[in-house]
Structure formats: C-alpha cells, structure tokens
Amino acid sequence: MGDRVTVKLGPISVEDAKAYFLQHSAFRGSFNLAIAAREGDIVHGVIAFECDGFQATKRQISTDGNAQIGSLLYGAAVRAAMALGYGALHFGE
C-alpha cells in the first residue's frame, strides 16, 4: 500500500490566487472569490469565480497538473455557489 495523500479544499485570498495564476496560467482577469486545493503548504490548484449579486461565474481554473484536482475544484466551486444562494455556477469567460 502506498502513502495516502490528503488534499484539502479551502479559501484562498484574491492576492494569493492571482500569484498562483501568474505562475501557472496566462489569466489576468478579475474575480472576487477563490478556492484552493492544498496538500499541506503546497497549492495544487485554484479556481476563481465572480459573484455579482445575481450570479456566480467561473473565471479561471488552473492546476499544477496533479490528477483529479480540477474535478475537486469544480465541485467545490459549485457547492460554494449553491451555499451562497446562487442557483448554479455559470461557466463564463
């Protein structure tokens, strides 16, 4: 049996998310909420979305290539949007 890896999902500041995107993607757009997938101090991916009072829209997702991180982040973003009272997470820009 191999070592078990535990990835935890949680909030990340807009500033830290922007720094992650600078390293891992070309995205430079605006957003006001972000969720990170972390293993200890290592961030494996970030999803950013914009909530404007009417809808929540996905703006960017970026990972370090770690398997399954994108799916975890999409699921977390949909659950967060629902918890904030939005009917769905829209997949815009």
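The values are calculated or read from the model by the stated rules, or taken from the named source; none is laboratory data. No experiment lies behind these values; they were computed from the predicted model shown. Every residue, glycine as well, gets a Cβ built from its backbone with ideal geometry; the counts of neighbours run over all protein chains shown. Ligands, DNA and RNA are stripped out before the accessible areas are found, and what is left, the full protein with its side chains, is counted by its heavy atoms. Shrake-Rupley method; radii C 1.70, N 1.55, O 1.52, S 1.80 Å.
Remarks
- Bridges between two residues of the chain, per DSSP, are antiparallel at a rate of about 90%.
- Residues whose amide H falls under 5 Å from that of VAL7, counting only those 5 or more places apart or on a different chain, are absent, with hydrogens built in the peptide plane.
- Exposure of GLU15 as accessible area (Å², to 10), given a probe of 1.4 Å and all protein chains: 130
- Between 0 and 90°, nearest 10: helix 69-83 axis offset from the chain longest Cα axis: 40
- On Cα atoms only, tilt of 14-24 relative to the major axis of the chain in degrees: 60
- For region 20-93, chymotrypsin sites (Phe, Trp or Tyr not before Pro) meeting the loop criterion (DSSP other than H, G, I, E, B) and having at most 16 other Cβ atoms within 10 Å: PHE54, PHE91.
- Using θ = phi - 60° and Karplus 6.51 cos²θ - 1.76 cosθ + 1.60, couplings along region 60-65 (whole Hz; Gly, Pro as x): 7, 9, 8, 10, 8, x
- For the chain, fraction of C-alpha pairs farther apart than 19 Å, in %: 36
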